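Let me begin by presenting the structure, written as structure tokens, before commenting on it.
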Amino acid sequence: MEETLLRISEVSKHFGGVYAVNGVSLDIKSGSIWGLVGPNGSGKTTLFNTVLGLFRPDEGTIYFDGRCISNLAPHEIYALGLVNAFQLPRLFPGLSVLDNMLVAARGHQGDRLLNSLFLRKSWQRQEAELADKAVEALELLQLEHLAFSQAGELSGGQRKLLEVGRGLMASPTLLLLDEPAAGVNPKLGRRIFEGIEDLRRKGLSFFIIEHRLEILFDFAHWVYVMDKGKIVVQGKPEEVVENPAFYQVYLGE
Amino acid sequence: MDPLVYVLDLVVFIGIFSIVSLSLNLEFGFAGLANFGKVAFVLVGAYTYAILSQIGIPFYLCLIAGASISAIVGFLVSLPTLKLRADYLAIVFLTVGEILRLIVKSEDWIGGGVWGMTVSPAISLAGISARIDTLVNIGLVYFCLFICFLVVQLLTNSPYGRVIRAIREDEVAAEALGKDRAKYRGQMLALGSAIAGLGGGLYAQYLQFIDPYMFMPMLTFTVWIMVLLGGPANNWGALLGAGLVMLFDRGANVAKDYVTLAIDPSNLQYIMFGALIILVLLYRPQGLLRESQVKTKAMEIVRRGRDAVKNK
Ligand SMILES: Nc1ncnc2c1ncn2[C@@H]1O[C@H](COP(=O)(O)OP(=O)(O)OP(=O)(O)O)[C@@H](O)[C@H]1O
Ligand SMILES: [Mg+2]
């Protein structure tokens with residue numbers, strides 16, 4: 001039943017002399033929550049950005065759903081259902097919170113020039129469904145009262161939440177979340193992960209970078225530990241915490 | 001001259017420039033594409049109209065051809081710039097405007113070079129009086145304006161409008177959310193140029209004469225003032241800006257015939273335009289009318305849902 005969704009094979013990415021990602025291979029299978037942890041600067045975000053097509057890998061190949069995506073543009077990768085929420089939120093500050101959510105919807109008919117003018121009936125129907133979905137997600141993220149505020153007026157934590165919300169709006173097959181609970185209060189951080197768990201039961205898969213291990217390890221099924229561009233430890237959360245190598249790279253003890 | 005004709009003439013000019021202003025507002029206000037070569041597309045529309053009407057093609061086909069060719073030129077110019085950031089686009093377009101003007105100026109065979117060319121009126125029936133002539137033009141221009149306004153208003157209040165605004169706000173984020181910015185940029189420039197080309201055709205048709213000196217960069221800047229003053233990303237603002245600036249512009253032209261100042265009123269007008277832009281950008285950067293939100297069903301649904309919760 002579990003199939004490999006994302007396969008990262010021998011991927012490297014360097015910036016000048018810095019090997020941010022150095023020969024990483026890993027598999028993400030469907031139906032679970034996968035964690036990625038590691039010290040600051042260990043290459044986690046770079047790995048995500050490479051998967052998303054924002055960086056071209058210097059070496060290695062990336063497959064999504066059995067298809068090589070290493071040479072696709074970011075918007076093409078997104079269209080396949082591989083979606084991301086950035087570590088540093090990149091919102092559309094002049095647009096309302098609601099519009100930020102709606103614009104992230106995948107496969108909206110009204111996104112096309114001629115449809116937007118001539119197929120108004122059919123995209124309006126879609127728009128209505130998306131509005132309900134957006135409200136549901138905004139409620140989870142406790143942003144529903146700000147639906148009509150400009151995204152540029154949100155607080156730092158709220159921006160982070162909206163970034164996650166946009167990822168949810170895309171109805172992805174696999175959602176990459178880069179520190180979804182960072183800068184969010186502990187109670188809400190946990191609620192977000194509970195929301196993620198609900199979505200997982202509905203069939204979504206997640207690959208999550210998170211420094212808040214006390215939350216992540218309660219929800220993740222498998223954790224990869226990265227250090228200096230390499231995967232050094234992997235396993236179930238309860239195994240990883242027992243692993244001395246994990247303590248050494250991450251907690252420095 | 002008949003004073004009523006002055007007023008009717010002003011009304012025609014406001015209509016034509018409203019069309020061009022809507023087109024720049026679509027590109028710059030909504031899509032964030034700083035087109036500093038707007039005049040190039042007005043020129044393409046005007047010359048296409050003039051040349052085709054001279055060989056006896058009916059006026060509506062000339063207008064459509066002017067818009068289409070202008071759209072093609074707009075799309076072609078967008079191609080080499082698709083990988084560039086939006087800022088560089090501004091310079092490319094500024095250059096294109098001047099190049100096209102210099103071409104029609106030096107290539108006599110296109111449109112008479114510096115001598116310009118005369119354009120036959122759209123509907124020859126209307127040679128009876130200047131008033132009727134102008135009224136016919138008002139009908140034609142405002143019909144076209146209505147169509148253009150309808151298109152941009154529907155477009156900018158649709159999911160498509162939301163996407164182009166998102167690309168304006170952050171190109172990379174929009175790309176990461178599945179929006180092919182090169183495609184949208186090409187489409188916006190083609191559509192914006194088509195509308196500007198239509199405006200150019202109407203301009204040629206109304207004035208019944210064109211020459212390269214009518215397509216100086218100043219025309220681009222005049223349209224920019226309209227958009228900045230009226231309020232970028234607000235279609236009503238584009239109309240308001242066009243109305244106010246044209247009132248001012250034609251007013252100065254009329255004043256020129258009646259008053260003697262130490263300075264030529266049309267030069268004075270340039271100075272005042274410059275001052276106006278600075279004042280608007282300093283004190284009201286959002287323009288007279290603010291950016292309008294994307295109005296779709298989603299907005300109503302969310303608002304209604306929220307009111308229902310409140311009333312419980
Ligand atoms: N665009 C870039 N240009 C140059 N160097 C970069 C770039 N992006 C990342 N790096 C470098 O790559 C290394 C890995 O950075 P990355 O952002 O992937 O770390 P991270 O694991 O996400 O860390 P954190 O937990 O702090 O977010 C760092 O040394 C960083 O300086
Ligand atoms: Mg990071």
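Each residue in segment A:77-86 was checked for being away from ligand 2 (no atom under 16 Å from the Cβ), open to solvent by 10 Å² or more (accessible area, probe 1.4 Å) and not in a helix (DSSP H, G or I), and 1 pass.
Looking at A:LEU199, A:LEU146, A:LEU177, A:LEU213, can you tell me which residue is away from ligand 2 (no atom under 16 Å from the Cβ) and modelled with pLDDT of 90 or more?
Numbers: A:LEU199 fails: modelled with pLDDT of 90 or more; A:LEU177 fails: away from ligand 2 (no atom under 16 Å from the Cβ); A:LEU213 fails: away from ligand 2 (no atom under 16 Å from the Cβ).
Result: A:LEU146 is the single residue among A:LEU199, A:LEU146, A:LEU177, A:LEU213 that is away from ligand 2 (no atom under 16 Å from the Cβ) and modelled with pLDDT of 90 or more.
Of the conditions (1) open to solvent by less than 30 Å² (accessible area, probe 1.4 Å); (2) modelled with pLDDT of 80 or more; (3) small (Gly, Ala, Ser), B:SER266 satisfies every one except a single condition; which number is it? Going through (1) open to solvent by less than 30 Å² (accessible area, probe 1.4 Å); (2) modelled with pLDDT of 80 or more; (3) small (Gly, Ala, Ser) one by one, B:SER266 breaks only (2). Within segment A:12-42, the set of residues being within 16 Å of ligand 2 (Cβ to nearest atom) and open to solvent by less than 10 Å² (accessible area, probe 1.4 Å) comprises A:VAL21, A:VAL24, A:GLY35, A:LEU36, A:VAL37, A:GLY38, A:SER42.
Inside segment B:152-162, residues that are part of a helix (DSSP H, G or I), within 7 Å of chain A (Cβ to nearest Cβ) and either open to solvent by 20 Å² or more (accessible area, probe 1.4 Å) or of a type outside the set (Phe, Trp, Tyr) (or both) make up a count of 4.
Answer yes or no as to whether A:LEU26 is more than 10 Å from every other protein chain (Cβ to nearest Cβ) and aliphatic (A, V, I, L, M). Judged against the criteria, A:LEU26 is a match.
With respect to B:GLN205, is the statement that it is more than 14 Å from every other protein chain (Cβ to nearest Cβ) and of a type in the set (S, T, N, Q) true?
On the way: more than 14 Å from every other protein chain (Cβ to nearest Cβ): yes; of a type in the set (S, T, N, Q): yes.
In short, yes.
Of all residues in segment A:36-50, those that are outside any loop (DSSP other than H, G, I, E, B) have Cβ atoms under 7 Å from Cβ atoms of residues that are polar (S, T, N, Q) and more than 9 Å from ligand 2 (Cβ to nearest atom), 6 or more apart or on another chain, in A:PHE48/A:ASN84.
Among the residues of segment A:185-221, those that are closer than 21 Å to A:LEU47 by Cα, in contact with a strand residue (DSSP E or B) (Cβ under 8 Å, 6 or more places away or on another chain) and surrounded by fewer than 19 Cβ atoms within 10 Å (Cβ to Cβ) comprise A:HIS211, A:LEU213, A:PHE217, A:HIS221.
Within segment A:129-143, the set of residues being surrounded by 15 or more Cβ atoms within 10 Å (Cβ to Cβ) and within 8 Å of chain B (Cβ to nearest Cβ) comprises A:LEU130, A:ALA131, A:ALA134, A:VAL135.
I'd like the residue in segment A:64-76 that is under 16 Å from A:LEU175 (Cβ atoms) and buried (at least 17 other Cβ atoms within 10 Å of the Cβ) and, out of all such residues, is nearest to the other protein chains (Cβ to nearest Cβ).
We begin by selecting, within segment A:64-76, every residue under 16 Å from A:LEU175 (Cβ atoms); these are A:64-65, A:69, A:74.
Pick out the ones that are also buried (at least 17 other Cβ atoms within 10 Å of the Cβ) and you get A:64, A:69, A:74.
On the way: A:PHE64: 14, A:ILE69: 14, A:PRO74: 5 Å.
Taking the candidates together, the pick is A:PRO74.
Looking at segment A:43-63, which of the residues that are away from every other protein chain (no Cβ under 14 Å) and buried (at least 16 other Cβ atoms within 10 Å of the Cβ) is nearest to ligand 2 (Cβ to nearest atom)? My answer is A:LYS44. For segment B:188-209, a tally of residues being surrounded by fewer than 24 Cβ atoms within 10 Å (Cβ to Cβ) and assigned to a helix (DSSP H, G or I) returns 4. Exactly one residue out of A:GLN150, A:GLN142 is over 26 Å from A:PHE219 (Cα atoms) and either of a type outside the set (D, E, K, R) or out of contact with any strand residue (DSSP E or B) (no Cβ under 7 Å at 6 or more places or on another chain) (or both), and it is A:GLN150. Just checking, which of B:GLY113, B:GLY178 is touching a residue at least 24 places away in the same chain (Cβ under 8 Å) and touching a Lys or Arg at 6+ places or on another chain (Cβ under 8 Å)? When all the criteria are applied, what remains is B:GLY113.
Whenever a residue of segment A:211-229 is more than 11 Å from A:VAL240 (Cα to Cα), its partners that are assigned to a helix (DSSP H, G or I), lying with C-beta atoms within less than 6 angstrom and at least six residues away or across chains, give the pairs A:ILE215/A:GLY189; A:ILE215/A:ARG190; A:ILE215/A:PHE193; A:PHE219/A:PHE193; A:PHE219/A:GLU197; A:ALA220/A:PRO237; A:MET226/A:LYS44; A:ASP227/A:VAL249.
Name the single residue that is farthest from B:GLU291 (Cα to Cα) among those in segment A:150-199 being free of Cβ contacts under 8 Å to residues at least 40 places away in the same chain and of a type in the set (S, T, N, Q). Selected residue: A:ASN185.
Assess whether B:ARG165 counts as being touching a residue at least 12 places away in the same chain (Cβ under 8 Å), among the charged types (D, E, K, R) and facing chain A (nearest Cβ under 10 Å). It would help to see each step written out before you state the result.
On the way: touching a residue at least 12 places away in the same chain (Cβ under 8 Å): yes; among the charged types (D, E, K, R): yes; facing chain A (nearest Cβ under 10 Å): yes.
So B:ARG165 fits the description; yes.
Of the helices (runs of 4 or more DSSP H) entirely within segment B:224-312, those holding at least 1 residues that are in contact with a Pro (Cβ under 8 Å, 6 or more places away or on another chain) occupy B:235-258.
The rows are residues; the columns are (1) more than 16 Å from ligand 1 (Cβ to nearest atom); (2) within 25 Å of A:GLY81 (Cβ to Cβ).
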site	(1), (2)
A:GLU153	yes, no
A:LEU162	yes, yes
A:LEU168	yes, yes
A:THR173	yes, yes
A:GLU179	no, yes
A:PRO186	yes, no
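From the list B:GLY230, B:GLY241, B:GLY287, B:GLY305, pick out the single residue that is out of contact with any strand residue (DSSP E or B) (no Cβ under 9 Å at 6 or more places or on another chain), open to solvent by less than 70 Å² (accessible area, probe 1.4 Å), free of Cβ contacts under 8 Å to residues at least 40 places away in the same chain and small (Gly, Ala, Ser). Working first, answer last.
Numbers: B:GLY230 fails: free of Cβ contacts under 8 Å to residues at least 40 places away in the same chain; B:GLY241 fails: free of Cβ contacts under 8 Å to residues at least 40 places away in the same chain; B:GLY287 fails: free of Cβ contacts under 8 Å to residues at least 40 places away in the same chain.
Sole residue among the options that is out of contact with any strand residue (DSSP E or B) (no Cβ under 9 Å at 6 or more places or on another chain), open to solvent by less than 70 Å² (accessible area, probe 1.4 Å), free of Cβ contacts under 8 Å to residues at least 40 places away in the same chain and small (Gly, Ala, Ser): B:GLY305.
What number of residues in segment A:87-128 are more than 8 Å from chain B (Cβ to nearest Cβ), closer than 30 Å to A:ARG190 by Cβ and open to solvent by 10 Å² or more (accessible area, probe 1.4 Å)? Total satisfying the criteria: 3.
The values are calculated or read from the model by the stated rules, or taken from the named source; none is laboratory data. Please read these numbers as outputs of a predicted model, since none were measured by experiment. Cβ atoms come from the backbone with ideal geometry, glycine included; neighbour counts cover every protein chain shown. Accessible surface areas use protein heavy atoms only, side chains included; no ligands, DNA or RNA. Shrake-Rupley method; radii C 1.70, N 1.55, O 1.52, S 1.80 Å.
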